[in-house]
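Remarks on the structure that follows.
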Amino acid sequence: MKHLRLSMKRFQSKKKKQNKEIDISYIIDSEIKGNSIRQGFSKGIQTYSQRFDKLNYNSHKDMTHIPFVTIDGENSKDFDDAVFAEVNNEKIKILVAIADVSFFVKKGDPIDIEARKRGNSFYFPDRVIPMLPEILSNNICSLVPNQIRVSLVCEIILKNAKVIKYKFHRAKILSKARLTYKEVDEIHKGTRKNKISKLVDNLFKALEILNKVSKNRGKIEFKVKEYEINLMNDKEFKFEEKENFKSYRLIEEFMVLTNNVVAEHLNSNGVKSAYRNHEKPKDEKIKELKKSLKVRHIKEIKDFKAQEDFNFYLKKTFSKQTSFISDLMLRAQSKAYYDIINMGHFGLGLNHYTHFTSPIRRYSDLLVHRDLIEIIFNKKLNKNNKELMNHLTFQEKKSDELERKINDRLCSIYIKINKKKFFTGIVDGIENFGIFIKAVELPFSALARFTKFHNNEKNINYKFGQLVSFKIIRNNIKNGKILAGNVKLLEKNE
């Protein structure tokens with residue numbers, strides 16, 4: 001009887017452990033703890049945050065008459081930016097209002113010290129660990145609709161697709177609407193009626209010009225398939241391919257324009273701010289890229305010294321399966337990083353770039369706000385150090401790696417729950433021990449060791465980007481690692 005009770009306890013313990021392994025909250029909790037992510041805020045910081053309700057905005061210019069709108073995802077709560085555009089014949093006026101976080105969070109205060117340690121907000125499928133206390137990130141700083149909020153406004157005038165004038169304002173604004181990307185696309189297409197349709201039309205007219213500007217300077221146009229995790233509850237979820245709304249590009253171009261103007265202004269005034277650098281690909285990366293293209297018998301090989309060389313391939317169609325080209329171009333790129341010296345942004349084709357548009361969720365942007373305010377309004381020069389830039393780059397990398405790891409584990413669980421064994425994929429990497437395959441249907445990669453292949457598959461000369469079918473032979477939901485077998489080519493070897 002005692003042996004039976006012990007067996008039952010072991011069975012229940014094992015079952016409980018298995019249930020935890022497919023519990024989304026448990027998985028995310030374990031990754032957060034395992035990576036020492038700072039959670040919650042001390043009572044001292046929470047008490048300190050209450051004082052901001054008593055501040056007045058008399059020092060800010062009144063721009064509440066301008067019909068700004070925010071455009072974000074459906075689940076967004078922290079609204080960093082609001083936009084407005086006015087089209088007048090050949091001139092276009094663009095106003096981008098960014099939450100004036102620096103008005104509340106002063107250098108060296110308790111919230112600032114904590115925000116600096118975090119570096120950025122961390123986003124997960126079921127929660128957000130904010131950089132700032134929620135009373136600030138979701139309320140006082142957030143540009144919520146129909147509430148007066150303080151912001152830094154960048155006013156830009158374009159003529160013939162060139163910036164001819166810009167000005168900065170420390171202003172109070174009143175957002176007229178909280179719009180989602182989907183709503184904005186529907187308003188633009190005319191399938192949804194709205195009082196601000198004219199403003200939306202002006203925003204898209206401005207986008208047409210900004211698209212031309214991006215194209216002319218050679219911005220690299222990567223094509224990346226993105227997925228969203230749709231949670232029903234802690235054990236039910238599904239992966240959905242992210243819809244490519246035109247309004248995504250609208251906000252992206254408005255923010256890139258603003259970041260570029262801010263970076264140029266800071267750099268021309270000798271400010272060692274938090275610049276966002278993206279350097280040209282390293283020589284060894286270019287050699288690897290050229291080799292991969294030659295292996296696929298792509299005849300015309302560029303030097304890859306300029307952005308146009310990358311866009312040459314991204315615009316071409318070599319076969320029915322072309323996503324490997326975008327993967328190749330991405331793999332060759334250097335990693336972006338923060339530094340007090342401006343080096344420009346190769347991918348965007350810009351000589352000056354920074355992060356200014358998300359101070360609620362990125363500490364780098366808060367630094368840039370302070371630098372801009374000091375140089376423009378106080379005629380002072382801020383000092384930043386390289387060690388802080390390295391810390392911010394490290395925290396960003398940690399956030400990206402954490403997101404990828406959680407995604408891998410959830411993919412692994414999703415496959416287990418749905419009992420799906422067979423997939424199609426693209427050869428994503430080739431080593432002497434096997435090949436890595438990037439699945440087409442879901443955002444995961446699997447390793448296929450050569451020893452696990454069928455005998456008649458062993459000696460195939462695999463090439464990067466080939467389309468294959470494969471079977472999952474081992475799925476480790478504890479770490480998200482997946483092994484594949486039964487790999488078969490779905491295209492002829494050239």
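The values are calculated or read from the model by the stated rules, or taken from the named source; none is laboratory data. Small disclaimer: the values here were computed from a predicted structure and weren't measured. Note that each Cβ is placed from the backbone with ideal geometry, even for glycine, and that neighbours are counted across all protein chains shown. In case anyone asks, the SASA skips ligands and DNA or RNA and just uses the protein heavy atoms, side chains included. Shrake-Rupley method; radii C 1.70, N 1.55, O 1.52, S 1.80 Å.
Note on region 349-359: residues that are within 15 Å of the chain's Cα centre (by Cα) and among the hydrophobic types (A, V, I, L, M, F, W, C) amount to 1. Summed over region 20-66, the residues that are open to solvent by 60 Å² or more (accessible area, probe 1.4 Å) and outside any helix (DSSP H, G or I) give a count of 11. The set of residues in region 398-457 that are acidic (D, E), over 24 Å from Y26 (Cβ atoms) and touching a residue at least 60 places away in the same chain (Cβ under 8 Å) contains only D428. The condition of being within 20 Å of H369 (Cα to Cα), open to solvent by less than 60 Å² (accessible area, probe 1.4 Å) and aromatic (F, W, Y) holds for only one of F124, F103, that being F103. In the set (1) open to solvent by 20 Å² or more (accessible area, probe 1.4 Å); (2) polar (S, T, N, Q); (3) within 22 Å of the chain's Cα centre (by Cα), the condition left unmet by N385 is number (3). Residues that are in a loop (DSSP other than H, G, I, E, B) and open to solvent by less than 30 Å² (accessible area, probe 1.4 Å) do not occur anywhere in region 322-330.
Table: residues versus (1) closer than 30 Å to L328 by Cβ; (2) open to solvent by less than 20 Å² (accessible area, probe 1.4 Å); (3) not hydroxyl-bearing (S, T, Y).
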position	(1), (2), (3)
S142	no, yes, no
V153	no, yes, yes
V184	no, yes, yes
I187	no, yes, yes
T191	no, no, no
I196	no, no, yes
D201	no, no, yes
L210	yes, yes, yes
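Taking region 98-148 as the region of interest, how many residues are under 30 Å from S25 (Cα atoms), within 21 Å of the chain's Cα centre (by Cα) and β-branched (V, I, T)? So the answer is 2. Within region 205-255, can you find the residues that are in contact with a strand residue (DSSP E or B) (Cβ under 9 Å, 6 or more places away or on another chain) and closer than 24 Å to N89 by Cα? Within region 205-255, K205, A206, L207, I209, L210, V213, R217, S247, L250, I251, F254, M255 meet the criteria. Here S7 does not fit the description of being open to solvent by 10 Å² or more (accessible area, probe 1.4 Å), modelled with pLDDT under 95 and either on the phi > 0 side of the Ramachandran plot or within 31 Å of the chain's Cα centre (by Cα) (or both).
Listed here are the residues, each with its yes/no results for (1) under 17 Å from K117 (Cα atoms); (2) touching a Pro at 6+ places or on another chain (Cβ under 9 Å); (3) not hydrophobic (A, V, I, L, M, F, W, C).
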{"residue": "T357", "(1), (2), (3)": "no, no, yes"}
{"residue": "I360", "(1), (2), (3)": "yes, yes, no"}
{"residue": "L366", "(1), (2), (3)": "yes, yes, no"}
{"residue": "L381", "(1), (2), (3)": "no, no, no"}
{"residue": "N385", "(1), (2), (3)": "yes, no, yes"}
{"residue": "K398", "(1), (2), (3)": "yes, no, yes"}
{"residue": "E401", "(1), (2), (3)": "no, no, yes"}
{"residue": "R404", "(1), (2), (3)": "no, no, yes"}
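In this structure, is N88 free of Cβ contacts under 8 Å to residues at least 24 places away in the same chain and under 30 Å from D201 (Cβ atoms)?
Considered against the rule, which asks whether it is free of Cβ contacts under 8 Å to residues at least 24 places away in the same chain and under 30 Å from D201 (Cβ atoms), N88 comes out as yes.
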